[in-house]
1. Working from Cα positions, state the angle (0 to 90°, nearest 10) between the long axis of helix 25-43 and the longest principal axis of the chain.
2. At 0.36 nm per residue, minus the direct Cα-Cα distance, what do Arg116 and Arg167 gain on full extension? Give it in nm, one decimal, please.
3. If you take the Cα atoms of the chain, find Rg, then find the Kirkwood Rh from the mean of 1/r over all pairs, what is Rg/Rh?
4. Where does helix 163-173 land angle-wise versus the long Cα axis of the chain, in degrees 0 to 90, nearest 10?
5. Restricting to the range 86-211, what percent of DSSP beta bridges are antiparallel, rounded to 5?
6. Within the range 1-105, list the trypsin sites (Lys or Arg not before Pro) lying in a DSSP loop whose Cβ has at most 15 other Cβ atoms in a 10 Å radius.
7. Work out which GluC sites (Glu not before Pro) in the chain are exposed loop sites (DSSP not H, G, I, E or B, at most 14 other Cβ within 10 Å) and give the longest gap free of them.
8. Taking the chain as the reference, fit the longest principal axis to its C-alpha atoms, fit the long axis of helix 9-19 to the helix C-alpha atoms, and give the angle between the two in degrees, 0 to 90, nearest 10.
Amino acid sequence: MRLHVADHPLIAHKLTVLRDRRTQSPTFRLLVDELVTLLAYEATREVRTEQVEIETPVSHTTGTRLATPRPIVVPILRAGLGMLNGMTRLLPTAEVGFLGLQRDEQTLEAITYANRLPEDLSGRQCFVLDPMLATGHTLIASIDYLLERGARDVTAICLLVAPEGLRTLEGAVGDRGDVTIVTAAVDERLDEHAYIVPGLGDAGDRLYGIV
Ligand SMILES: O=P(O)(O)OC[C@H]1O[C@H](OP(=O)(O)OP(=O)(O)O)[C@H](O)[C@@H]1O
Ligand SMILES: O=c1cc[nH]c(=O)[nH]1
Ligand SMILES: [Mg+2]
């Protein structure tokens with residue numbers, strides 16, 4: 001498993017405003033959207049391309065375009081939905097699959113309530129969107145669904161990750177696939193409720209309000 005922590009002053013600035021408890025949902029949503037686009041720039045460095053011959057108004061040249069099959073983007077509902085527009089802005093031709101998972105706050109296990117993915121993901125580059133990697137249970141379950149359908153190349157974009165979750169994820173994935181995590185920061189630890197410290201609280205609640 002590879003970890004890429006995006007080190008950029010704009011990312012650090014936006015993340016600080018995002019963490020601030022006084023930041024309200026409308027600003028929070030806007031910042032998540034902007035941060036994802038910055039992280040997506042890093043996460044797509046190895047997106048597959050192919051050469052194409054084109055005519056410019058002046059001459060003939062060889063250019064680069066995204067290869068087929070198209071990459072697939074998978075936001076993890078609910079909070080990952082707040083990251084979708086920021087990602088598809090950079091990859092407008094990507095296919096979008098959906099997974100809905102919710103952490104049971106007592107057992108900390110991830111419960112799946114929605115799964116709308118293509119049957120066959122072999123040969124497809126997959127980009128998973130979830131703002132928080134805490135215990136890692138949600139991302140492990142999500143990546144398992146992709147690997148079960150034949151995906152081998154998975155990049156997860158997370159705003160924040162906890163060291164505990166990273167370790168658990170690495171052990172769970174093993175050598176079953178080529179998994180990369182792109183994040184804005186690796187935080188200190190999890191608290192007694194498995195919330196990321198210092199973190200930003202419950203990403204879904206801050207994006208959409210408490211339900
Ligand atoms: O690494 P874990 O310990 O599994 O926790 C991370 C998960 O928790 C949050 O989702 P939540 O369960 O709160 O659902 P929501 O997006 O609907 O708020 C977050 O968006 C991740 O999906
Ligand atoms: O800190 C955390 C942990 C899990 N889910 C969140 O939204 N935040
Ligand atoms: Mg939540």
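The values are calculated or read from the model by the stated rules, or taken from the named source; none is laboratory data. Please read these numbers as outputs of a predicted model, since none were measured by experiment. Because the Cβ atoms are built from the backbone with ideal geometry, glycine has one as well, and the counts that use them run over all protein chains shown. These area figures cover heavy atoms from the full protein model, side chains too; ligands, DNA and RNA do not enter into them. Shrake-Rupley method; radii C 1.70, N 1.55, O 1.52, S 1.80 Å.
1. Roughly 50 degrees between the two axes.
2. Values: separation 51, 0.36 × 51 = 18.36 nm, distance 2.79 nm.
That pair, Arg116 and Arg167, stretches by 15.6 nm at full extension.
3. Working: Rg = 17.5 Å, Rh = 17.7 Å.
With Rh from the inverse mean 1/r over Cα pairs, Rg/Rh is 0.99.
4. That helix lies at roughly 60 degrees to the long axis.
5. On the way: 8 of 23 bridges.
Close to 35 percent.
6. Numbers: sites: Arg2, Lys14, Arg19, Arg21, Arg22, Arg29, Arg45, Arg48, Arg65, Arg78, Arg89, Arg103; in loops: Arg21, Arg22, Arg45, Arg48, Arg78, Arg89.
Of the trypsin sites (Lys or Arg not before Pro), the ones in loops of the range 1-105 whose Cβ has at most 15 other Cβ atoms within 10 Å are Arg21, Arg22, Arg45, Arg48, Arg89.
7. Numbers: sites that count: Glu46, Glu105, Glu109, Glu119, Glu188, Glu192.
With a cap of 14 other Cβ atoms within 10 Å, the longest stretch comes to 120-187.
8. 40
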